[in-house]
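Contents: one structure, followed by commentary.
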Amino acid sequence: MRRKSRTINSRAILSALVLISTILVLAAMVAGDEGMWPLSELPRLNLREKGLRMDQSLVYDPSKPSLLYAVVEVGATGSFISPEGLIITNHHVAFGSVVAASTPEKDYLKNGFLARTRAEEIPAPGRTARITESFQDVSARVLSVIKKNMSYADRTRAIEQQIKKIVAEAEKANPGKRAEVAEMFPGKTYWLFLYTVLKDIRLVYVPPLAIGNFGGEDDNWIWPRHTGDFTLMRAYVAPDGKPAEYNEQNVPYKPRTYLKINPDGAREGDFVFLLGYPGRTYRHLPASYIAYEQNVRMPAVADWYEWQINLMEEMSQAGREVALKHDSRIKGLANTMKNYRGKLAGLRRLNYLAQKRQEEAALQEFIQSDPKRRAVYGQVLPGLEKIYGDMGLEYPRVFVLENLRRSVILFQNAMTILEAAVERQKPDLERNAAYMDRNFNQTRQRLALGLHTNFYLPTDIAVFKELLKKALALPEGQKIEALSRLAASGSNLDEVVNNLFKSTRMSDSGFINGLWDKKPEEIRQVDDSLLRLANDLYPEYKKMEENNRARKGQLDELQARLVDIRQEFLGKQFIPDANGTLRLTFGRVEGYEPKDAVYYRPFTTVQGILEKTTGREPYDTPPALLQLISQKNFGRFVNPDLDTIPVCLLYSTDTTGGNSGSPIIDGDGRLVGVNFDRAWEATINDFTWSQRFSRSIGVDIRYVLWVMKEFAGAGHLLEEIGLK
Ligand code: ASP
């Protein structure tokens, strides 16, 4: 008896000890944390303390073949996973290229695509893969051009010029590399980045839409998720190893490093980190900016995108060929629309604007309490309030002008041609970026691709008409003269708009190609209705551009000061907002509580695919996949904790748009998944990060490998990435 109870006791003690040490280890392993860390800040981070098991210098150290070189920007993010230039990214990142390669007869978007040999890989024109090579602080040089008493517009112009000069010098000194200066803290800190840009990218494996986009827009930004949002591409270079445009003679690119895959994936509680190219966050901007976004811009854009989506879905009823013209656009619009709605809900849920205002009231008090501080910072918050207030008032007019260019493809073409003619008269460094020699080819290529992939005349006409109506409804004082004149030129809007689109050749690429080298006077002579309209509206766009420049000059000055004083006030050193440059973020695989009494576990499984499948889009799982799932044909890719195949996972990293396709990397530097989304409550990340709500969503590597092996029969690719 005694012995037994002693055994029980010692067992109990042992398990208590195990429990305590587990708790201690978990506590020591930091949960996720706010932070899209730029490479320059990595030394401030001790990743080994957080859970990294490899030498931190192997993540990033310019003198070593670090993991960093495995990460590429491909529209959003991707990473090399083989020595032969194989890249894994998201299905939704490659979407446009898949659409461009698809026809109703060869519908790769719907049915998926697998290249069985290298020769079968499909070129993805316009797609590039950019690798970060180095970075350098050039703030002093950029800011040295600011002179006292400069107007704000001149100040912005001077900085733009200086940046172009720095870029030109860097590209001259580093032939074959692409240089970009990124604004880290506007008005304060600027970094020069050098990139290698690979220009021949090909599609290798694309799952069918019903896997790659399973759940479609219903499930987008939502957990629990069952989307196999991955695609494989390959980068090619010239036989001498240099980046080159597509050519049959090109050979696969050999990356300095590539990610090894961990076919056992991650487990709940594991430390993970992501490297990627997050687009934009706005964490250092004031409450007045949040108010502008929350009350003015985001609701207007979300409504407008919803209107366009409805239109395009209706147009798409005409048949698969027409639907293919809209698929990519609808996807982009719907993604942003739902993201904005999520953010608006999140701002309300956190009562974020009120919180921010409260913080700023305390900050203002802190500023006022000291005469020196008051002199330097006293006008910062009121100044910003005024600017964002004005932007709100002007927004309806700006909305029409911006969206004419953004949403009406033929008008966009006309503006590009006219602007090219004007800008290309100027010395290279004085042109708008799109028309500088280093970018002009891309501008032309983008236009051609837009026409080929997305253009459908009835949609263009309907969108234009709607914007024209909005223009006519603008209040007095905001009217856009050229559009009012246009509307008055016929007896009704239908007639006016139909005539406008009847007398233009902006959809004819041959005609357009003949215009690229023309002078502005010659363009003005061309008998084309949309070119004429572009010409009439040109002064409006110029005015808006100049206005934005002046505003940016002022904002830069105020925002830089706001960052300084907030850092002092909060006793904290900030890291720059996301700006499209390479960042690292870390966290743990963990679930969350979206609302009272609800807990979301961090893995979904193939069982959930069965539960969601209805046979109708977007839940129309291919029968072959359903069969594999019901046969439990899981092989080695089972998650032992779940005893089945995991599909997606959740983790507490700090991500935003652009992080799509980011590799999810474990403590040993191996790939365990591919990031593709955030949970609904985490759409708020762009303004603020929250340990409770900020969860990113990725596709589990085990699902990727299983689909490739069992469903697609892509054993040759598994072999290439080192798995038999
Ligand atoms: N799904 C997202 C995107 O479209 C990724 C994210 O924003 O977290 O970019």
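The values are calculated or read from the model by the stated rules, or taken from the named source; none is laboratory data. Keep in mind that what you see is a predicted model, and the values were worked out from it rather than measured. Glycine also receives a Cβ, built like all others from the backbone with ideal geometry; neighbour counts cover every protein chain displayed.
Criterion first (small (Gly, Ala, Ser) and within 21 Å of Met36 (Cβ to Cβ)) does Ala560 satisfy it? For Ala560, the condition - small (Gly, Ala, Ser) and within 21 Å of Met36 (Cβ to Cβ) - is met. With respect to being touching an Asp or Glu at 6+ places or on another chain (Cβ under 9 Å), within 16 Å of the ligand (Cβ to nearest atom), hydrophobic (A, V, I, L, M, F, W, C) and over 29 Å from Tyr258 (Cα atoms), Phe687 fits the description. Can you confirm whether Leu45 is over 13 Å from Leu232 (Cα atoms), surrounded by 16 or more Cβ atoms within 10 Å (Cβ to Cβ) and either modelled with pLDDT of 95 or more or under 24 Å from the mean Cα position of the chain (by Cα) (or both)? So Leu45 does not fit the description; no. Does Asn639 satisfy being touching a residue at least 40 places away in the same chain (Cβ under 8 Å) and either surrounded by fewer than 24 Cβ atoms within 10 Å (Cβ to Cβ) or away from the ligand (no atom under 16 Å from the Cβ) (or both)? It is true that Asn639 is touching a residue at least 40 places away in the same chain (Cβ under 8 Å) and either surrounded by fewer than 24 Cβ atoms within 10 Å (Cβ to Cβ) or away from the ligand (no atom under 16 Å from the Cβ) (or both).
The test for being under 23 Å from Thr257 (Cα atoms), surrounded by fewer than 24 Cβ atoms within 10 Å (Cβ to Cβ) and away from the ligand (no atom under 16 Å from the Cβ) does not hold for Tyr108. Scanning the range 123-178 for residues that are surrounded by fewer than 18 Cβ atoms within 10 Å (Cβ to Cβ), in contact with a Leu (Cβ under 7 Å, 6 or more places away or on another chain) and not in a loop (DSSP other than H, G, I, E, B) yields Glu133, Ser134, Gln136, Gln161, Lys165, Ala168.
From the list Glu293, Glu365, Glu313, Glu321, the one residue that fits, being in contact with a Lys or Arg (Cβ under 9 Å, 6 or more places away or on another chain) and assigned to a helix (DSSP H, G or I), is Glu293. Condition (residue is basic (Lys, Arg), modelled with pLDDT under 95 and on the phi < 0 side of the Ramachandran plot) applied to the range 126-142: is it met by at least one residue? Checked against the condition, which is being basic (Lys, Arg), modelled with pLDDT under 95 and on the phi < 0 side of the Ramachandran plot, the range 126-142 yields no hits at all. Looking at the range 594-645 only, could you name the residues that are of a type in the set (Lys, Arg) and under 25 Å from Phe693 (Cα atoms)? Selection gives Lys595, Arg601, Lys612. Say whether the condition of being among the polar types (S, T, N, Q) and assigned to a strand (DSSP E or B) is met by at least one residue in the range 554-572. Scanning the range 554-572 turns up no residue that is among the polar types (S, T, N, Q) and assigned to a strand (DSSP E or B). For the range 226-257, the tally of residues that are buried (at least 24 other Cβ atoms within 10 Å of the Cβ) and closer than 30 Å to Pro576 by Cα stands at 3. Scanning the range 638-678 for residues that are touching a His at 6+ places or on another chain (Cβ under 9 Å) and part of a loop (DSSP other than H, G, I, E, B) yields Ser660, Gly661. Scanning the range 210-239 for residues that are within 16 Å of Gly608 (Cβ to Cβ) and either among the aromatic types (Phe, Trp, Tyr) or not in a loop (DSSP other than H, G, I, E, B) (or both) turns up Ala210, Ile211, Phe214, Gly216, Asp218, Asp219, Trp223. For the range 371-384, does any single residue satisfy the condition of being closer than 29 Å to Tyr305 by Cα and modelled with pLDDT of 95 or more? The answer is yes; a qualifying residue exists.
Considering the range 423-540, the qualifying helices (runs of 4 or more DSSP H), each wholly inside and each with 2 or more residues that are under 32 Å from the mean Cα position of the chain (by Cα), run over 437-454, 457-472, 509-513.
Across the range 61-94, what is the number of residues that are surrounded by fewer than 22 Cβ atoms within 10 Å (Cβ to Cβ) and out of contact with any Phe, Trp or Tyr (no Cβ under 9 Å at 6 or more places or on another chain)? Final tally of qualifying residues: 5. Considering only residues of the range 685-724 that are basic (Lys, Arg) and crowded, with 24+ Cβ neighbours inside 10 Å, which is nearest to Asn339 (Cα to Cα)? So, considering only residues that are basic (Lys, Arg) and crowded, with 24+ Cβ neighbours inside 10 Å, the one nearest to Asn339 (Cα to Cα) is Arg695. Restricting attention to the range 564-615, the residues that are hydroxyl-bearing (Ser, Thr, Tyr) and touching a residue at least 60 places away in the same chain (Cβ under 8 Å) total 5.
Pick from the range 642-684 the residues that are within 12 Å of the ligand (Cβ to nearest atom) and of a type in the set (Gly, Ala, Ser): which of them is surrounded by the fewest Cβ atoms within 10 Å (Cβ to Cβ)? My answer is Gly657.
Just for the range 44-100: of the residues that are in a loop (DSSP other than H, G, I, E, B) and among the basic types (Lys, Arg), which one is nearest to the ligand (Cβ to nearest atom)? Restricting to residues being in a loop (DSSP other than H, G, I, E, B) and among the basic types (Lys, Arg), the top hit is Arg53.
Let's see how each residue does on (1) among the hydroxyl-bearing types (Ser, Thr, Tyr); (2) in contact with a helix residue (DSSP H, G or I) (Cβ under 6 Å, 6 or more places away or on another chain); (3) in contact (Cβ under 8 Å) with a residue 60 or more places away in the chain:
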residue: Gly658; (1), (2), (3): no, no, yes
residue: Asp666; (1), (2), (3): no, no, yes
residue: Arg670; (1), (2), (3): no, no, yes
residue: Asp677; (1), (2), (3): no, no, yes
residue: Gly698; (1), (2), (3): no, no, no
residue: Arg702; (1), (2), (3): no, yes, yes
residue: Trp706; (1), (2), (3): no, yes, yes
residue: Leu718; (1), (2), (3): no, yes, no
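With respect to the conditions (1) assigned to a loop (DSSP other than H, G, I, E, B); (2) more than 30 Å from Glu385 (Cα to Cα), Gly279 lacks only one, and its number is (2). Scanning for something touching a strand residue (DSSP E or B) at 6+ places or on another chain (Cβ under 8 Å) and of a type in the set (Asp, Glu), does the range 703-710 turn up at least one residue? No, because not a single residue in the range 703-710 is touching a strand residue (DSSP E or B) at 6+ places or on another chain (Cβ under 8 Å) and of a type in the set (Asp, Glu).
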